[in-house]
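Structure first, commentary second.
Quick note: the coordinates plus some simple rules give every number you see, no bench work behind them. The structure displayed is predicted, hence computed values, not measured ones. Cβ placement follows ideal geometry from the backbone for every residue including glycine, while neighbour counts extend to all protein chains displayed.
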């Protein structure tokens, strides 16, 4: 599997996990969990964008 595909898939997975943590944090009123979810979502977006750039470069 190419690095670009791997990064895009892993990034998307992190975004989904982050969204779940945000939702759970809101429901349980756990602000720390919600903040961790936002951080994980951001890391996922960065990793997904890295994969998109790698694909554009042909890696």
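Roughly what angle does helix 3-28 make with the longest principal axis of the chain, taking Cα atoms, 0 to 90 degrees, to the nearest 10?
Long axis of 3-28 versus the principal axis of the chain: about 10 degrees.
How far, in degrees from 0 to 90, does helix 31-57 lean away from the longest principal axis of the Cα atoms of the chain, to the nearest 10?
10
Please sort 25-38, 5-18 by packing, taking for each peptide the average over its residues of neighbouring beta carbons within 10 angstrom, highest first.
Sorting 25-38, 5-18 by mean packing, highest first, produces 5-18, 25-38.
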